[in-house]
Structure formats: C-alpha cells, structure tokens
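Below is one structure, written out as structure tokens; the observations come after it.
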Number of protein chains: 2
Amino acid sequence: MANAADAAYAVIRGRILDGTFAPGARLKEADLVEFCGVSRTPVREALRRLAAEDFVRIQRNQGAEVKTWSDDDLDDLFDLRALLEGHAAAAAARQISPQQLQRINDAIAEMDAVLASTAPQAEQVAQFLRLNRIVHETVWEAAGSGRLQSMLGRLVEQALIAHTARHYSLARVAQSHHHHQELLDALTAGDAVWAEALMRGHIRAARLTLKAPQS
Amino acid sequence: MANAADAAYAVIRGRILDGTFAPGARLKEADLVEFCGVSRTPVREALRRLAAEDFVRIQRNQGAEVKTWSDDDLDDLFDLRALLEGHAAAAAARQISPQQLQRINDAIAEMDAVLASTAPQAEQVAQFLRLNRIVHETVWEAAGSGRLQSMLGRLVEQALIAHTARHYSLARVAQSHHHHQELLDALTAGDAVWAEALMRGHIRAARLTLKAPQS
DNA sequence: GTGCGCCTGATTGTATACATTAACGCTTCA
DNA sequence: TGAAGCGTTAATGTATACAATCAGGCGCAC
C-alpha cells in the first residue's frame, strides 16, 4: 500500500464500514485531504473508486456522500445475494476440496467454542461474525468463480454499511450457527441441491433479522 | 456530457467496444490525451472507471491495457449470465407490464421483418443484434431490480469486447429468434419456470456459438 | 561470453494552481 | 412583505508541473 490513492481508499472505506462516516454524510474532498494526509488527486481517485463500488454516491459538482440504502434496496440486495450465494453453495458442493471442507469445519468448531465461552456478548458476536465470514468466503472460493466471488464480497459489504450499528442477538447467532453446521453436512455429502436450499434460507433469514427491530 | 471525464470515458469505451482498441492493446495516457482532446486528469479518471468495470486492466506504474478474456473467463461469465438472466426472466414472467410485453412483441415483429428482407446479411445481423438488446433489456427492466439490471448490462458488454470481430451466421440468428418467440409466450403466460428455463438455454446456446469456429 | 549493475528515458503517480459550477444570501423592486 | 435577480463564496472539475518508478540498454567485471 505504498500508494497514496490506495491509502486514501483504505482509510475512507474503513471509516465508512466502521460507521465513522455514517450513511448520508457528506464527504468533502478538502476534509478528506486533511484526514488522509494526501493531496486531492488521490482522494478524488479513492472517491471515484468507492462510487464505482456503490459505497458512496457522487453527483456532478456536488460532491460525494456515503450511500444510503432504502428498505427496498436492501430487499433487492438480499434477493440477489440469496441467488448468488445459493448458486455458489451448489457449485461448492460439487467440487469443494478436502482442505476447504476442513477450513469450514475448523471455523464451525471455533464458533462452538466461542458460543460456549463466558466472554462478553459483544465479543462473542464479533468473533462469530469473523468466523462467519471465513465460512462464506470458503464456499465462494470453492465455487471456483472469481467473478462470483468479487460480486458477493461487494454485496456483503454493502449490506454491512447499511447496518453499521447492528446488534445481533445471541438467539440469531445460534440460528445462524445451526445453518452452518447443516451446510457443512450438505457440502460433505456433495449434495448441491441441499446446499443451495440451505444457503438461500440462511441468507433470507439474515435479511429478516436486519429488518426486525434490533434487540 | 458536458464533462471532460465523461467525454473521455465515452470515447475510450466506444473504441474498446468497436474494436479500435483491441484486447491487449496498451492504453498510454499521453496518447489518450491527444485522442480525447482533454488533459491527463480526466483521462486517468476515465481509465480508472473502465478498470472498475473490467474493461481495462491497470497495473501500478505500468499503465492500462484493454482487458483480455480467456476461454475460462468466458465460460465463467456466461455461467453467471445464464443464472442472472434466467432469474430476471422468471421475475419478469411474474410481473411484466402490458407495455413491456408489447415492446418485446414489437421487437420480435421487427426481427421477422428484418430476417425476411433482402438486405445484406451484415446489415440483417446488425439490426437483429439491436433488437435482441431491446428484448433482453426489457426483460431486465421487468424484473424490477436495478442492481440486477446494471450487473447484466456489464456482463453483456464484457462478452462483447471479447468478440469484437464476431460473425453470426444467419442460422444462429434464426435459432435465437425462435428462442425469443417462445420466451414471449412464456412471459405472456406468466410462467416463471418456463421463462427461466428458456432464458438459460438461450444464453448457453449463445456461449456455444461464440466458442465454435466462426462461420 | 555472460551476467550483473547502473544509468537513462519514458510513463505513471502526486501535488497544486486555475477554471467552472452551483448554492446561498443579499439587495432591490413590486 | 415577498419574490426575483444578482453577486459572493465555497466547493468541485481541469490542466499542468514536478516526483517517483519501472523497463530497457549499455558497459564493466568476472
């Protein structure tokens, strides 16, 4: 990351994902110059890139702001995500490698440990989300399509922005955990239809959770 | 398009799509400055945007070149396209408007006329491709997902770049025409399963055509 | 003769100055 | 008092100058 443009991109993106720059917040180039410690040129490049990835919205001569997501947008997003993740799960079931299966298995075992621990709930949830990401990314990887992988990565992160201040209940996490365990069974059995059905349900359940009043 | 950056983007993109800038061709900023009649700043912005859309490939400190597509890349691309276009067709079957149905109907009628005409074959094919685009875009629109629509638009154009010097046989065009006619039946009947199956087949047939030695 | 290293030219990356645009507030007139 | 028009100002859009980097070639040493 010797690049000024890459550095600016990483900084701004990070601040959007962690909620420092909330949805709707105006992103003035001059402010970002100070914030990132580089000149306007790389800042502009970073903003354009973020706009291409749907993280910010740029209007001509009116600057950039963190993109906001309506409920309909999120329905749309999760519909697509369910389709694509389901497709990925089916493809993965057909051709996943033993190493990849093992990685998912390990992640699930770690989830077990995390949920059984006495750590603060926030910490448990954070750990769970990290492991969750590993499970999903391994499935994408096993599906063997770089294009699908990058699309899904973007969709997931867009969903994150919309719910920066998210509170997952332990009940929700436990449900998700069960999905993962069953998914592992389906992948191990090489049952594409089963894996796809499970994954679609898993994603739709996640959408419902984000819709409900947060607990 | 009062913008210099937009103008540069449109020019470069056009030249890539029409084959003037062939896959693999190096795109030097200085050359593009002359070519587009704007300074390096908007040219760079255009290139970054094209890179984000997978039309060009940028390596740090080594400039940009028109992206090349391997056979595997194209298989991957068409797999995804079949999935997404199929999904769009299914959604469209459930909710397409009478106006949209009419538009598809009109396009197909025009195709009939084009294929029955005595115009030069190249002209017939060009007209057919234009109408083909209308049919597909109407289906995407009827599916009601902006995100799906933009994804498909990009996938289609990426496929075009890879086959700039493409020769479609009239036989292939006629096959495609039959697909469209049957798709219209499925959409009119509101049969989502039928529409999806047809569309998936339609896209996979297209992939095979591009793979075969060109006639 | 071959391989390594430096040097040079060309090209991209960055900073900054200037041009342009649009929003906001003021003034003025009805 | 309200609304319309204009000027100011603060932001983005563009051009250009300068810095950093990489590829290729030449020369030297082994």
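The values are calculated or read from the model by the stated rules, or taken from the named source; none is laboratory data. Please read these numbers as outputs of a predicted model, since none were measured by experiment. Glycine gets a Cβ as well: all are built from the backbone with ideal geometry, and neighbour counts include every protein chain shown. Side chains included, ligands, DNA and RNA excluded: accessible areas come from the protein's heavy atoms. Shrake-Rupley method; radii C 1.70, N 1.55, O 1.52, S 1.80 Å.
State whether one or more residues within the range B:159-177 are touching a Gly at 6+ places or on another chain (Cβ under 9 Å), at pLDDT below 95 and not small (Gly, Ala, Ser).
yes
If you take the residues in the range A:3-29 that are free of Cβ contacts under 8 Å to residues at least 24 places away in the same chain and open to solvent by 70 Å² or more (accessible area, probe 1.4 Å), which one is nearest to B:GLU53 (Cα to Cα)?
Filtering the range A:3-29 for residues that are free of Cβ contacts under 8 Å to residues at least 24 places away in the same chain and open to solvent by 70 Å² or more (accessible area, probe 1.4 Å), the one nearest to B:GLU53 (Cα to Cα) comes out as A:ARG15.
Output the residue which, of all residues in the range B:28-37 that are near DNA strand C (Cβ under 7 Å from one of its atoms) and more than 14 Å from chain A (Cβ to nearest Cβ), is farthest from the chain's Cα centre (by Cα).
This residue is B:ALA30.
Out of B:LEU84, B:LEU115, B:LEU17, B:LEU80, I need the residue that is of a type in the set (A, V, I, L, M), closer than 21 Å to A:ARG147 by Cβ, under 23 Å from the mean Cα position of the chain (by Cα) and modelled with pLDDT under 95. Which one?
Testing whether each residue is of a type in the set (A, V, I, L, M), closer than 21 Å to A:ARG147 by Cβ, under 23 Å from the mean Cα position of the chain (by Cα) and modelled with pLDDT under 95 leaves just B:LEU17.
Quick check on this structure: which one of A:GLU45, A:GLU65, A:GLU53 is within 16 Å of DNA strand D (Cβ to nearest atom), at the interface with chain B (Cβ under 10 Å from one of its Cβ atoms) and surrounded by 15 or more Cβ atoms within 10 Å (Cβ to Cβ)?
That would be A:GLU45, the only listed residue that is within 16 Å of DNA strand D (Cβ to nearest atom), at the interface with chain B (Cβ under 10 Å from one of its Cβ atoms) and surrounded by 15 or more Cβ atoms within 10 Å (Cβ to Cβ).
Which residues, taken from the range A:65-113, are of a type in the set (Lys, Arg) and touching a Lys or Arg at 6+ places or on another chain (Cβ under 6 Å)?
Matches in the range A:65-113: A:LYS67 only.
Within the range B:76-106, track down each residue that is free of Cβ contacts under 8 Å to residues at least 60 places away in the same chain and more than 14 Å from chain A (Cβ to nearest Cβ).
B:SER97, B:PRO98, B:GLN99, B:GLN100, B:GLN102, B:ARG103, B:ASP106
Going through A:GLY153, A:GLY190 one at a time, which residue ends up being without any contact (Cβ under 8 Å) to a residue 24 or more places away in the chain and either within 17 Å of A:LEU84 (Cβ to Cβ) or out of contact with any Phe, Trp or Tyr (no Cβ under 9 Å at 6 or more places or on another chain) (or both)?
A:GLY153 is the lone residue from the list that is without any contact (Cβ under 8 Å) to a residue 24 or more places away in the chain and either within 17 Å of A:LEU84 (Cβ to Cβ) or out of contact with any Phe, Trp or Tyr (no Cβ under 9 Å at 6 or more places or on another chain) (or both).
Of the residues A:ASP18, A:ASP76, which single one is in the same structural domain as A:ALA162 (by TED's automatic domain parsing) and charged (D, E, K, R)?
That would be A:ASP76, the only listed residue that is in the same structural domain as A:ALA162 (by TED's automatic domain parsing) and charged (D, E, K, R).
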